[in-house]
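Remarks on the structure that follows.
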Amino acid sequence: WPHVEGVEVDLESIRRKNKAKNELNQHGVDNKQQNILQRQYLTFKPQTFVYPDPVLRPGVLGNFEPKEPEPHGVVGGPGEEAKPYVLGPDYKESVQASIKEFGFNMVASDMISLDRSVNDLRQEEKLSANISSAQGLLSNSINDSVKTNTIDSFYRCKYWHYDENLLTSSVVIVFHNEGWSTLMRTVHSVIKRTPRKYLAEIVLIDDFSNKAHLQERLDDYIKQWNGLVKVFRNERREGLIQARSIGAQKAKLGQVLVYLDAHCEVGINWYAPLIAPISKDRTTCTVPLIDYIDGNDYSIEPQQGGDEDGFARGAWDWSLLWKRIPLSHKEKSKRKHKTEPYRSPAMAGGLFAIERDFFFELGLYDPGLQIWGGENFEISYKIWQCGGKLLFVPCSRVGHIYRLQGWQGNPPPVYVGSSPTLKNYVRVVEVWWDEYKDYFYASRPETKALPYGDISELKRFREDHNCKSFKWFMEEIAYDITSYYPLPPKNVDWGEIRGFETSYCIDSMGHTNGGFVELGPCHRMGGNQLFRINEANQLMQYDQCLTKGPDGSKIMITHCNQNEFKEWQFFKNLHRFTHIPSGKCLDRSEVLHQVFISECDSSKATQKWEMNNILSV
Ligand code: UD2
Ligand code: MN
């Protein structure tokens, strides 16, 4: 890895502002102090240390493990030990309002201590048998695999011992208009559960929030930590992706950057297991297991959808939606113990740790990615294809609050233009997917016309760093993704399906999974009027197929995999869609706006259709 100095992200405006004042003085750390810390940082390079691998010592609690239960926020108080905290009906209106504004029940959150205790979700004694009987079993068993299994079922995360000289970290949290107590609980949990000698700083990047509580109140509140927690403010809304790159530049003290969303709670002894693999190999990037914090009652549970141990790997479908897939046999067999880190093709995006210099060497995030989405894949591909590794770490657990339905969201700023997330996806597949990008366009044909900007710098980066091909990546790392998400067939045609020479188009009306499609005025915006017909004879919208409904005639839209509902043929010149199984033709009633199949009759105008590409969405 040749060393590349900090890659230019468009930070001019911020730089101009900050040149005038000394940021560090402003936040309570003077220059001298910073120089000392920087020097320590420079002499504390990973290369100069040999970090021993963690060892599992059955029967002896690992280092950094709390010997006593950690202090409660408010003993027996609301939400302690992550017990569900349910509010009575009196609060209904204020709860609804807070969900709309922040995506979470802030009324409940505000009542829960910022220092609350959490439940320990790490893998531990599976059987209720006590440790001495486990030890008995161990010493009696000669067979190694019995031994391993026994260790695995009796002793889990608590019994790993980590090196005492782990790398230090800057924890970076970017936020835009987040609720107060969920943001501050993130900060509190990090301070409370991270050994102080490893926590260099917590860097908050305020992505141009406009809520009063995130201004002076925040500045005042963090003074209690004497400079350990700092806040930097973007002068315009950058979006979470560039805000994280800015965070990498601002966070100068830690050797590792640990990113968290602004509504997390770190678990017990989260730090050592997450950082140890990076101390061993600086091109390794790690991700904790992300637990599910309920945004209504703040209980914490493991996420659904992993394997029998609750483990999953990160993946995608060919339209670039985030997916989780179980641990493969191959990854399982690479490890001796279930609680060891395992390889994952991709990360979810919000929570991860990466060595600071390594992140700069990777060029941080693509500066052309805007606001939200796709950056998790960009960084995953970049890491794997350019010589790094991405590991999920079962013993490091961090809870994340998922936004509730009813959240008003954060519309992107005007300067970004339309569909920033889709443009991000296009940039990512154009740079990293090589010939596989055709499968993305087959799944999202409308993105082909999106202006995604200049990617020549990124392509040059790929060459200069001898990054491997996507084909290599698909064969070596993401080898089983196609067994969950098969490569999609090519499209024969795509666009809106318009009644021939009319202004009415087939519209899913947002229905899925068994709803009916209807006719609506053509709007040429894609979305619910965007369909595609592929070489497998499927007529699709996103991951849904059209087929005939239970009455045998009305057209239904329902989820399908590659082998289902291969039922349609489009005769472009005849303006006809034929439903192969019934031999009938696609038809419509213009008065009732229904779409159905009926006996083919070439004299019927309502059986004539055209499929028009929509070039600007
Ligand atoms: C997931 C990720 C999130 C990010 C996103 C895709 C997890 C748990 N979460 O969605 O981190 O990778 O996918 O891009 O993996 N924010 C800003 N500026 C903005 C918008 C958001 O600073 O313009 C902040 C926001 O306050 C939060 C973070 O960025 O702290 C992530 O945003 P989110 O929580 O809305 O994303 P999420 O969890 O739905
Ligand atoms: Mn989030």
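Overview of values
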| item | result |
| --- | --- |
| The chain: antiparallel DSSP beta bridges as a percent of all, rounded to 5 | 65 percent |
| Relative contact order of the stretch 485-569, defined on C-alpha pairs under 8 angstrom at six or more residues apart (%) | 29 percent |
| Stretchable slack from F208 to E463, in nm (0.36 nm times residue separation minus alpha-carbon distance) | 88.3 nm |
| Degrees separating the helix 271-280 axis from the principal Cα axis of the chain, which is the longest one | 90 degrees |
| Kirkwood hydrodynamic radius of the chain, Cα pairs, Å | 26.8 Å |
| Chain lengthening between W322 and L592 when straightened (0.36 nm per residue, less Cα-Cα) | 93.4 nm |
| Rounded if a/c under 1.5, otherwise prolate or oblate - the stretch 178-276, Cα gyration tensor axes | prolate |
| Accessible carbon and sulfur surface of the chain relative to its total accessible area, %, 1.4 Å | 52 percent |
| Å² of accessible area per residue within the stretch 487-616, as computed with a 1.4 Å probe and no ligands counted | 47 Å² |
| Per-pair calculated FRET efficiency, R0 = 56 Å: S418 and E81 via Cβ, rounded to 0.05 | 0.75 |
| Relative contact order of the stretch 523-588, defined on C-alpha pairs under 8 angstrom at six or more residues apart (%) | 21 percent |
| Shape of the stretch 494-617, Cα gyration tensor, a/c cut at 1.5 | rounded |
| The stretch 449-528: chymotrypsin sites (Phe, Trp or Tyr not before Pro) falling in loop per DSSP and having at most 14 other Cβ within 10 Å | Y479, F500 |
| Three-way shape label, the stretch 380-533, alpha-carbon gyration tensor, a/c 1.5 | prolate |
| Local net charge near Q541, Cβ-Cβ under 12 Å (Lys/Arg +1, Asp/Glu -1) | -2 |
| Potential extension, E301-L574 segment - 0.36 nm per residue separation minus Cα distance | 92.7 nm |
| Net dipole in debye of the stretch 354-495 [+1 Lys, Arg Cβ; -1 Asp, Glu Cβ; about Cα centre; nearest 20] | 360 debye |
| Restricting the stretch 520-595 to GluC sites (Glu not before Pro) in coil, as DSSP defines it, with at most 12 other Cβ within 10 Å | E535, E590 |
| N612/C560 FRET efficiency (R0 30 Å; Cβ-Cβ; nearest 0.05) | 0.80 |
| At R0 = 41 Å, FRET efficiency that the Cβ-Cβ distance of H329 and W225 yields, to 0.05 | 0.35 |
| Members of K192/K382; K158/K334; K330/K471; K223/K250 lying beyond 24 Å, as alpha-carbon distances in this model show | K192/K382 |
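The values are calculated or read from the model by the stated rules, or taken from the named source; none is laboratory data. None of the values given here were measured: they were computed from a predicted structure. Methodologically, a virtual Cβ is constructed for each residue, glycine included, from the backbone with ideal geometry; neighbour enumeration extends over all protein chains shown. Only protein heavy atoms, including side chains, enter the accessible area calculation; ligands, DNA and RNA are left aside. Shrake-Rupley method; radii C 1.70, N 1.55, O 1.52, S 1.80 Å.
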